[in-house]
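A short write-up of the structure that comes next.
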Amino acid sequence: MEPMNHGEGDTSYARNSSIQNAQQRRMRPLIEAAIIDLCASTSTLLPRNMVIADLGCSSGPNALVLVSIAIKAINSYCIQFQRKPPEVCIFLNDLPNNDFNTVVKSLVTLRKSNEPIVVANVTPGSFYERLFASGSLHLVCSSSSLHWLSKVWHFHYSNRPFASLVNYVVETFILQAPEILRRGHIPAYNTDEHARREMLPMILEAYAQQFKNDFTCFLNLRAKELLPGGQMVISITGRHSNGIASKLFHIWEPIVQILSVMALEGVIDKSKFDSFYMPMYGPSSEEIREIIQEEGSFFIKEMVVHDYTSDEDSALVTPNRFMHQMRAVFEPIIVQHFGEVMEEFMRTAERRWSLDGILRDQLARLAWLSVSLTKA
Ligand SMILES: C[S@@+](CC[C@H](N)C(=O)[O-])C[C@H]1O[C@@H](n2cnc3c(N)ncnc32)[C@H](O)[C@@H]1O
């Protein structure tokens with residue numbers, strides 16, 4: 001999978017991520033509480049340095065939002081209790097082909113604000129692998145990323161002319177959509193409505209199982225990397241758990257429905273559509289709670305569930321804005337599988353999402369889940 005649209009142009013994630021930014025701002029109280037717990041638990045002396053990581057930072061303004069909230073909270077605590085601020089070490093992680101150039105440019109601004117001293121690094125890699133040394137982190141944050149399922153690295157040799165050895169090995173991600181579906185060539189979203197309904201419970205179960213494996217693995221790895229008493233604040237796109245309509249629903253359905261219309265109209269190849277698996281799962285708060293409890297490395301301090309579009313940010317989800325936001329997130333994965341079909345995708349999306357109520361009904365099933373955890 002390719003990360004979000006690069007750069008700072010009109011279709012970039014940097015310019016089209018205000019929905020995710022609204023969710024990051026909702027995480028502020030949880031991050032501030034985590035910092036207070038970290039500072040207060042060290043009795044009279046603060047640690048000399050504090051290590052904070054944002055996993056799945058992407059690029060653009062959102063990449064620095066969570067770590068900036070944490071730095072401000074440390075600063076306020078130190079002013080309030082007249083303590084010497086610790087040095088803060090920031091790690092920003094994403095998949096290796098993330099637009100780290102843009103991230104590094106914005107880090108320069110962050111480092112210029114000298115209170116407290118901030119040392120910043122980028123950490124390319126998958127958060128479903130070990131990223132940091134054992135017991136080295138105080139706080140892990142992550143927003144709008146953990147609903148992406150795991151990927152495995154796949155190296156292959158390029159037969160294109162290459163300028164240097166570095167170009168010789170081309171790194172791509174194999175989507176790790178549920179194996180039972182891929183192996184059985186079972187389409188995740190059948191264009192035939194009857195077949196789709198029949199298969200839906202089985203397909204949701206396959207996705208739920210993979211999410212469980214991935215999220216368990218994530219918790220396990222972070223438990224190794226956090227110090228005892230370390231804190232984690234994450235938010236994820238999920239589903240409301242009340243009501244059958246919300247339960248029998250994939251969070252990627254609004255996007256794949258557009259592709260299914262394109263397959264039915266012959267714009268994209270039907271067999272290509274049938275082999276397309278969105279590597280994403282939106283859990284309910286109960287599923288998250290169960291997995292955390294079963295894995296056992298963390299206590300849940302607080303869990304908050306929000307509507308996907310609360311009143312104050314409903315202006316962010318007009319059909320036109322939503323189309324551009326979705327393009328910034330899904331263009332790389334759609335183009336990788338179907339080729340250059342984005343203009344047609346946008347036209348089809350506009351036709352469908354402008355129909356009264358369709359988008360509102362679909363988004364009403366989605367939820368933002370935020371959870372704040374302490375390492376047991
Ligand atoms: C929608 S963006 C969220 C970016 C930012 N945190 C925000 O709230 O706006 C999701 C990010 O998660 C990253 N991601 C997905 N799977 C990942 C993985 N296994 N390891 C690291 N990053 C991953 C994607 O590359 C993408 O940049």
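Being out of contact with any Ser or Thr (no Cβ under 8 Å at 6 or more places or on another chain) and either modelled with pLDDT under 75 or loosely packed, with under 15 Cβ neighbours inside 10 Å (or both) is the requirement here; does A206 meet it? Lay out the reasoning, then the answer.
Numbers: out of contact with any Ser or Thr (no Cβ under 8 Å at 6 or more places or on another chain): yes; either modelled with pLDDT under 75 or loosely packed, with under 15 Cβ neighbours inside 10 Å (or both): no.
Considered against the rule, which asks whether it is out of contact with any Ser or Thr (no Cβ under 8 Å at 6 or more places or on another chain) and either modelled with pLDDT under 75 or loosely packed, with under 15 Cβ neighbours inside 10 Å (or both), A206 comes out as no.
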Practice task
Determine the pairs where a residue that is among the basic types (K, R), located within the range 46-62, has a partner that is open to solvent by 10 Å² or more (accessible area, probe 1.4 Å) with Cβ atoms under 8 Å apart, the partner being 6 or more residues away or on another chain.
Solution key: R48/E87
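Can you give me the number of residues within the range 94-110 that are within 13 Å of the ligand (Cβ to nearest atom) and either within 24 Å of E225 (Cβ to Cβ) or open to solvent by less than 20 Å² (accessible area, probe 1.4 Å) (or both)?
Residues meeting the conditions: 9.
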Fill in the blank from the handout: Exactly one of I35, I52, I69 is open to solvent by less than 20 Å² (accessible area, probe 1.4 Å), in contact with a strand residue (DSSP E or B) (Cβ under 9 Å, 6 or more places away or on another chain) and away from the ligand (no atom under 16 Å from the Cβ), and that residue is I35
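More than 9 Å from the ligand (Cβ to nearest atom) and in contact with a Ser or Thr (Cβ under 7 Å, 6 or more places away or on another chain): which single residue out of F91, F81, F132 fits that description? So that I can check it myself, show each step before the final result.
Values: F81 fails: in contact with a Ser or Thr (Cβ under 7 Å, 6 or more places away or on another chain); F132 fails: in contact with a Ser or Thr (Cβ under 7 Å, 6 or more places away or on another chain).
F91 is the lone residue from the list that is more than 9 Å from the ligand (Cβ to nearest atom) and in contact with a Ser or Thr (Cβ under 7 Å, 6 or more places away or on another chain).
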Handout entry: Boolean, A133 is closer than 25 Å to R222 by Cβ and surrounded by fewer than 17 Cβ atoms within 10 Å (Cβ to Cβ)
Key = yes
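Keeping to the range 16-32, report how many residues are more than 12 Å from the ligand (Cβ to nearest atom) and either open to solvent by 60 Å² or more (accessible area, probe 1.4 Å) or basic (K, R) (or both).
Of the residues in the range 16-32, the ones more than 12 Å from the ligand (Cβ to nearest atom) are 28-32.
The next check asks that each one be either open to solvent by 60 Å² or more (accessible area, probe 1.4 Å) or basic (K, R) (or both); those that pass are 28-29, 32.
Total meeting the criteria: 3.
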Problem - In the range 123-134, the residues that are modelled with pLDDT under 95 and within 23 Å of P47 (Cα to Cα) - result: none
Completion exercise
All conditions in (1) among the small types (G, A, S); (2) surrounded by fewer than 22 Cβ atoms within 10 Å (Cβ to Cβ); (3) out of contact with any Lys or Arg (no Cβ under 9 Å at 6 or more places or on another chain); (4) at pLDDT 90 or above are true of A223 except (3)
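The values are calculated or read from the model by the stated rules, or taken from the named source; none is laboratory data. Remember, predicted model here, so these are calculated numbers, not experimental data. Positions of Cβ are generated from backbone atoms using ideal geometry, with glycine treated the same way; all protein chains shown enter the neighbour counts. Side chains are part of the model used for accessible areas, which takes the heavy atoms of the whole protein and leaves out ligands, DNA and RNA. Shrake-Rupley method; radii C 1.70, N 1.55, O 1.52, S 1.80 Å.
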